[in-house]
Amino acid sequence: MNSPRKQLDERFARAFAAAFPDLEPEGDLVVAASNPQHGDYQCNQALALARQLKSRPRDIAAKVLKQLDVTDLCEAPEIAGPGFVNLTLRPGFLAQQVAERVGDPRLGVDPAPARTLVIDYSSPNAAKPMHVGHIRSTVIGDALARTLRFVGHQVIADNHLGDWGTQFGQLIVGWRDFADHDALAKRPMEEIKRVYQAVKEREEQDPAFKERVRQELVALQGGAPEQTAIWEELIALSRRYSENIYQRLGVQFDVWHGESFYNSMLAEVVTDLENRGIAREDQGAVVVFFDTPTDPPNLKPLLIRKSDGAYLYGTTDLAAIKYRVDTWNADLLVYVTDGRQQDHFKQVFQTARKWGYTQQSLEHVWFGTIQGEDRKPYKTREGDTPDLLALLDEAEERALAIVREKQPHLSPELQQRVARVVGLGAVKYFDLSQARTSDYVFSWDKMLAMNGNTAPYMQYAFVRINSILEKCGIDPATLCGPLTLDDPAERSLARAALELGDAIEETAATYRPNVLTTFLYEVASQFSTFYERCPVLAADEAVRTSRLTLCRLVARTLELGLSLLGIETLPRM
RNA sequence: GCGCCCGUAGCUCAACGGACAGAGCAUCGGCCUUCUAAGCCGAGGGUUGGGGGUUCGAUUCCCUCCGGGCGCGCCA
């Protein structure tokens, strides 16, 4: 079923068609009101179309309103100011809408026409520990994968690991010369990091050693069995390490196709591009130039094979596009990486289009950097890039300290559990609530705050509703109205919650999870107002049923919305 | 040099062509014998970096200047 906004939109579309048959209005006809004073929704099309129709906006609006029938949805539409049409939903309509979706598994959010999409996120370097820099790709990618899947798309989540490259020459030598294999088994990534650093130090002092590293890399890349075996063990250790992190974060992938997965396809990609005249040799390397009239201006060339014959990550990206389209028939490819790679993806996408991938949508969903209080990239006090595991530990520790202070009567086990869910939720939510493309300042205090647009605030709102539903003596699953929304707080809350579908749709369409967090914050804060103003359990029978039903919808809305962001809720905290 | 991003309240951030630019924190003032006060209600606080332009309408689009960040052929 459609959101109230969409229902209004459809009515307006019909009215416009009747009033102006030749017209094809663009975009949404009905949008959320910019100010509660102007009602719930508004239509601004009369202003937008005034020039085209050579008519005054207010006259256009009046003509449309003659054709418009929305009496079952809202009060009489009002033409305001220069030609806005203001719409205020009828409480009865809101009540009926709540009742209709409160029991629906999808809360009345219809699936969209499905596409097959591959979403590429997280993609850590398999030879290094994950650090704070991996949060954004991992958390945003996971939230988008969940949301796109909910919307109805067939989603393939792909972890495109950096599991191939020069670091492995160093690690193979390190494996032989420096590695403590017990330590590797116990804390693999710490030991790999130590070995890697030891090799790098030695390389600086010893040219012969450095040459050995180079030769091991050549052997690996040539497919030598011994080197390949060591590499495979390294990858397995690395995978165990990152799976531990993903498990903790609740992040999942459908496939782990790292760079090495595409090795066997790279030569063919390059020769194919050469044969088609898309790439050509230049100074010993093979390069794609963007110098035809259909290419965007100022796009720098993309190198796809080095003069020594080695391939580059652009080559791998192109092979991956081919693979994803050939194998899964994907028609939408989404890449979640930081903004510094914008030029790279412009080059890769443009090459792919020249190559014939014109029917597929290619989306680079980029994000800004995480900064410290000093406005520089976030670092520990020692100046290191913060380790991701340590960061997750700290999130839980900080959350635990708060839980112990605020809820000393809870059992230690429950305190732990609350701390885990709240701490991890706080880190994720804080990231997701930022406009994706902005840089943001990392702040423990802000993300763990109980007030404002934070995970703890959402989770707390959920707990308060849950507490009411537990005490009401009725199985919440049976609550389905009827509702009366007489109090303004009830009305606002219902209106807010009914915008779930709009928020999810916009999040999916624009790849902006902060659209969803803003929606959830609106619902949670409307609920807090309602909670203070409108007693539920103590109300008379009819009002009680109505309010309980509203509570159920809100609880389910928060739970569903948070789950799409990969954030858990708790019954108590 | 070329290109990308950013500049909004004291601070951290929203608003991606619509009406007087919104939150949280901080500041000030109220609300717990009542569903979890980890909360709620209220107040003050802005020439959206400057200047042009497009538009009925610009924080939003275009140009320019200032300030900050980032990327740019053999790393990923």
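Debye-formula intensities of segment A:268-372, expressed as log10 I(q)/I(0) at q = 0.15, 0.22 Å⁻¹, are -0.64, -1.26 (one equal scatterer per alpha-carbon, no solvent). Computed over the alpha carbons of segment A:1-158, Rg followed by Dmax gives 21.3, 67 Å. Ordering A:Leu520, A:Tyr440, A:Leu414 by Cα displacement along the dipole of chain A toward the positive end leaves A:Leu520 in first place; charges were set at the Cβ atoms of Lys, Arg (+1) and Asp, Glu (-1).
Just the accessible area per residue of segment A:4-89, please: how many Å² with a 1.4 Å probe?
Heavy-atom accessible area per residue stands at 56 Å².
For A:Lys66, a cut-off of 25 angstrom between C-alpha atoms picks up these lysines, skipping any fewer than 8 places away in its own chain: A:Lys6, A:Lys54. Taking A:Arg340, A:Arg214, A:Arg239 and ordering them by how much accessible surface each has at a 1.4 Å probe, largest first, produces A:Arg340, A:Arg214, A:Arg239. For A:Glu568, the shell of other residues with beta-carbons less than 15 Å away shows a net charge of +4, using +1 for Lys and Arg and -1 for Asp and Glu. The HN-Hα couplings worked out from phi for segment A:362-377 by the Karplus form 6.51 cos²θ - 1.76 cosθ + 1.60 (θ = phi - 60°) are 10, 10, 9, 9, 9, 9, x, 8, 8, 10, x, 4, 7, 6, 10, x Hz, whole numbers, x standing for Gly and Pro.
The accessible surface of chain A, taken with every protein chain in place and a 1.4 Å probe, is 48 percent carbon and sulfur.
Answer rounded, prolate or oblate for segment A:457-526, using the Cα gyration tensor with square roots of eigenvalues a ≥ b ≥ c: rounded when a/c is under 1.5, else prolate when a/b is larger than b/c, else oblate. Could the numbers behind the result be given before it?
Numbers: a/c = 2.05, a/b = 1.69, b/c = 1.21.
Prolate is the answer for segment A:457-526, as a/c is 1.5 or above and a/b outweighs b/c.
Taking every DSSP bridge with both residues inside chain A, close to 50 percent are antiparallel. Which loop-located GluC sites (Glu not before Pro) does segment A:8-92 contain, where loop means any DSSP state but H, G, I, E or B and the Cβ has at most 16 other Cβ atoms within 10 Å? Loop-located and lightly packed - A:Glu26, A:Glu75.
Each pair of Cα atoms in segment A:4-89 enters the Kirkwood radius, and Stokes-Einstein at 20 °C and 1.002 mPa s then converts it into a translational diffusion coefficient of 171 µm²/s. Below 13 angstrom from the Cβ of A:Ala509, what's the summed charge of the other residues (Lys, Arg +1; Asp, Glu -1)? That works out to -3.
With Cβ to Cβ distances under 11 Å as the rule, what net charge do the other residues near A:Pro129 carry (K, R +1; D, E -1)? Net of charged neighbours comes to 0. Compared with the dominant principal axis of the Cα atoms in chain A, helix A:91-101 is inclined by about 40°. Report relative contact order for segment A:4-89 in percent, whole number only (criteria: Cα-Cα under 8 Å, sequence separation at least 6). In percent, rounded to a whole number, it is 32. Specify the angular offset, from 0 to 90 degrees and rounded to the nearest 10, of the alpha carbon long axis of helix A:225-249 from the longest principal axis of the alpha carbons in chain A. That helix lies at roughly 20 degrees to the long axis.
Give me the Kirkwood hydrodynamic radius of chain A in Å, from all C-alpha pairs, to one decimal place?
Evaluated over chain A, this radius sits at 27.0 Å.
Each stretch of four or more DSSP H residues adds -39500 (n - 2.57); spread over every residue of chain A, this sum gives -17500 deg cm²/dmol at 222 nm. This model, with +1 at the C-beta of Lys and Arg and -1 at the C-beta of Asp and Glu, gives segment A:4-89 a dipole about its Cα centre of some 320 debye.
Sequence-ordered 3J(HN,Hα) estimates for segment A:401-416 from the Karplus curve with 6.51, -1.76 and 1.60 and θ = phi - 60° stand at 4, 5, 4, 4, 6, 7, 10, x, 7, 5, 5, x, 5, 5, 4, 4 Hz, glycine and proline given as x. Here segment A:166-255 has an Rg and Dmax of 14.3, 45 Å, counting Cα atoms alone. For trypsin sites (Lys or Arg not before Pro), the sites in segment A:347-379 that DSSP calls loop and that have at most 10 other Cβ atoms within 10 Å are A:Arg375. Between the residues A:Gln347, A:Gln459, A:Ser137, the greatest Cα displacement towards the positive end of the dipole of chain A, with unit charges on the Cβ of Lys, Arg, Asp and Glu, is found for A:Gln459. Close amide H partners of A:His131, meaning residues 5 or more places away or on another chain with modelled amide H under 5 Å apart, are A:Leu388. Rolled with a 1.4 Å probe across the full set of protein chains, the surface gives A:Glu405 an accessible area near 130 Å².
For segment A:437-570, the Kirkwood estimate of hydrodynamic radius, built from reciprocal distances between every pair of different alpha carbons, is 15.5 Å. Ligands, DNA and RNA are left out, and with a 1.4 angstrom probe the accessible area of segment A:388-564 is 40 Å² per residue.
Stokes-Einstein diffusion for segment A:121-160 at 25 °C, viscosity 0.890 mPa s, with a Kirkwood radius from C-alpha pairs, works out to 225 µm²/s. Straight-line reach from A:Lys379: taking Cα to Cα under 15 Å and skipping same-chain neighbours fewer than 8 places apart, the aspartates and glutamates in range are A:Asp387, A:Glu394, A:Asp439.
When we measure straight from the Cα of A:Lys193, which lysines land under 16 angstrom away, once same-chain ones fewer than 8 places off are left out? Partners within reach: A:Lys128. For A:Arg280 and A:Ala538, the FRET efficiency from 1/(1 + (r/R0)^6), where r spans their Cβ atoms and R0 equals 45 Å, is about 0.05.
About the Cα centre of chain A, how large is the charge dipole given +1 on each Lys and Arg Cβ and -1 on each Asp and Glu Cβ? Please answer in debye to the nearest 20.
With Lys and Arg at +1 and Asp and Glu at -1, about 940 debye.
The values are calculated or read from the model by the stated rules, or taken from the named source; none is laboratory data. Note that this is a predicted model, so its numbers are computed, not measured. Don't worry about glycine lacking a Cβ; one is built from the backbone with ideal geometry, like all the others, and counts go over all protein chains shown. Calculation scope for accessible area: heavy atoms of the full protein, side chains included, ligands and nucleic acids excluded. Shrake-Rupley method; radii C 1.70, N 1.55, O 1.52, S 1.80 Å.
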